[in-house]
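The structure appears right after this line, and notes come after that.
The values are calculated or read from the model by the stated rules, or taken from the named source; none is laboratory data. All of these numbers come straight from a predicted model, not from anything done at the bench. Note that we place each Cβ from the backbone using ideal geometry, even for glycine, and neighbour counts take in every protein chain shown.
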Amino acid sequence: MSDNTDRGATAGRPPQVTVAGWVTILGSVFLVAGMFDAVARLRSIETQESIKESLSKSPFDGLDMGVDGVQQLLHTVFVVAGGLGAAACILGWFVLQRHKQARLALSVVAVPLFVSGFFSGSIAASLVAVSAMLLWSGPARDWFAGRPVRQPTYLLQQRPTPGAPRMPSQPVSPPPPPVPTSRVDAPHLPAAPTGVASDAPPPYAGYGLPRAASAYAPVEVRPPALVAAAVLTWIGTSVVLAVLAFGIHSLLTDDTVVREAIAKAQEWQPGGASATVTVAEVRIAAVIGCLLFALWAIGAAVLAVLVMRRVAWARAVLVVSAIASGMLSSFGVAAYFPVITAVTGLVSAYLLLRPEVARWVSRR
């Protein structure tokens, strides 16, 4: 694949391209893994019963397809989606290297991937499609074209003029008033004529120097993108904590869900490890898992508070946490409400990577 641009010219890469590239890479990895799992479960008894039930209802009851035909169709869709996911993973890496043809190819691959998501039920396919759309935003187009990347109006207004003195971050106390009786030498002032009275105040230290324009520095305002990222983080963590609390309560008061999970595991793998597991063991493991994810959610909420207080390392950790939660939520592994956590996590990561947020947190 030929490249018309410098692949190493990643300096000044806008956050839209960075987020789109890494979301594409990570989402494609999860997509390929999910397709392998979907193909493995395609011949299971549960899947066959689900297909029979769907074919018996409208609008699929009029299709002239049996269970074998639907399984063959789904097998083809899953294999094609896995191949497209592998291609998207490679293209996402080349996109981060400023490869123009990779951006175009990824945009083409994203269309069938998005369609396959309706059959496979994978949110990762939709995330890859959304990431491909970010590659055609204004800053991304400027970066791929080799032009200066356009900056948001908010950032241009906050950027100081080159050569202009910076205002102090702390209020400057005004100088003490002069003492009328204390006189000092003022060689920079012209001497008064001998014998001529003057109404001017006696010279003192600092007399005649220009007065500061303002005694106080302007208050720095938090960027709206930072506030939005923090609010989204708190909303996502609140939803996750509420659902986890409900799940723990259900596990401790009702054994129905646990028994059904054990029965399904025994159907998938007769005679496996699930045959010897007890309800109490599954309940303890599930509660411990819920508590671990609850601690993760609380940690993300605390990180959002620290970022609002300009703690630089908290921003980097929160970005990693948001991307990880979004990726894991696409498979429903790390959250009971994966749609909300996936959207809030990835959008928060995008907002935290914006240049005005980076400048404000790093006090530049």
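Observations
- Restricting 73, 55, 31 to those that are surrounded by 15 or more Cβ atoms within 10 Å (Cβ to Cβ) and either within 38 Å of the chain's Cα centre (by Cα) or at pLDDT 80 or above (or both) reduces the list to 31.
- Any hit, region 109-119, residues being modelled with pLDDT under 85, among the aliphatic types (A, V, I, L, M) and farther than 24 Å from residue 29 by Cβ: no
- Screening the candidates 277, 339, 307 for the property of being modelled with pLDDT under 85 and in a helix (DSSP H, G or I) yields one hit, 339.
- Region 125-159 - residue that is out of contact with any helix residue (DSSP H, G or I) (no Cβ under 9 Å at 6 or more places or on another chain) and modelled with pLDDT of 75 or more and, of those, surrounded by the fewest Cβ atoms within 10 Å (Cβ to Cβ): 146
- Restricting attention to region 76-104, the residues that are over 24 Å from the mean Cα position of the chain (by Cα) and not in a helix (DSSP H, G or I) add up to 0.
- Residue in region 286-325 that is nearest to the chain's Cα centre (by Cα), counting only those that are more than 30 Å from residue 25 (Cβ to Cβ) and surrounded by fewer than 13 Cβ atoms within 10 Å (Cβ to Cβ): 309
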